[in-house]
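Just so it is clear, none of the values below were taken in a lab; they were calculated from the coordinates. All figures in this text were calculated on a predicted structure; none of them were measured in a lab. Cβ placement follows ideal geometry from the backbone for every residue including glycine, while neighbour counts extend to all protein chains displayed.
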Amino acid sequence: MSNGTLLTKHELLIKLADNSNKEISAADVQSIVKSNYQPVMIFSGMILNDSNLGSKYFVRTNYYNPDFFTPRSDGGGLENSSQVWRFTNRGAGLNANATYTNVSVNPSSWPGSVYALLQFPTAPAVFNITTNSSGQVDTFEIVSGGKGWIGPGGTKTGTNWQYAGQTGTLNISGAGITSPTVEFIGPITYSQTNQASDKLMYDLSTNSNSPGATVPGQGTDANHTFVNTMVNHSFLQGVGEQQYNLGAMVDPNIYAAQNLLYIDKGSNTYAIQLSLYRMP
């Protein structure tokens, strides 16, 4: 029995009416789109070591499914460090109580040494936003998460990391307008409490909103665990037989921690390709 947005084949089919009388609704179709009877990719990206930024490891997100990670704010909390996209400036001088659609979020350059950004630069995200009576961002909706955004790295003090994530500027211009800005935190962040030598530990954020909420989530299936999350991984550079083989898993029982991504990389500092899948 499923509790989140992923449903089994039986659960989907039992809801569908005989469509000879056109009784299948848009909601039925949306359920099918969200659950296609097989593991669904919820994250794809890479983990990069940056020698120019303290040789810290950074998560570069090529794709993520927001139904499975920290839900975007639906009013309030836009600046929270737990957000995948946190607003560092909600802007000023925008039209009051207005809606701006398909706003491009243009990424900043990366201050480190990741060469892949030169050939494969970060692609802009796209938001829909609403403003409050003061002409500042009040709520937002993610139309597209872009590609290749890099999250923060290093130690976290309070709500800020040692090295900030990529920032983005919402492309809204006009007389007297201060464009809103965001910092990409990402759905996966370096764990501040679980670490070991030659290992990388990452906290996987969760979305406990109900599947039918305005910002949908996984309800009681929110946690990422060893049995519901599959990890695909590889080094992005080949290694010889004498090199350490990469291992990765979610929720390793040796740490007794849910929502923890464990990567045993040995002494290698190669970039790691990573994909996560959730089971229906």
Legend entry - 21 Å tail of the calculated P(r), segment 162-236, as % of Cα pairs: 56 percent
Inset, instruction - First check a/c for segment 29-174, with a ≥ b ≥ c the square roots of the eigenvalues of its C-alpha gyration tensor; if it is under 1.5, answer rounded, and if not, answer prolate when a/b is larger than b/c or oblate otherwise. - result: oblate
Inset, instruction - Considering the convex hull of the alpha carbon atoms of segment 104-232, report its projected area averaged over all viewing directions, in nm², one decimal. - result: 11.5 nm²
Inset, instruction - Starting with the highest mean, order 204-214, 42-52 by the number of other Cβ atoms within 10 Å, averaged over the residues of each peptide. - result: 42-52, 204-214
Legend entry - Inter-label distance, nm, simple model (7 Å from Cα along the C-beta direction), ASN102/SER133: 3.2 nm
Legend entry - 14 Å cut-off, amide nitrogen to a point 7 angstrom out along PHE120 Cα→Cβ, residues in segment 261-279: 271-275
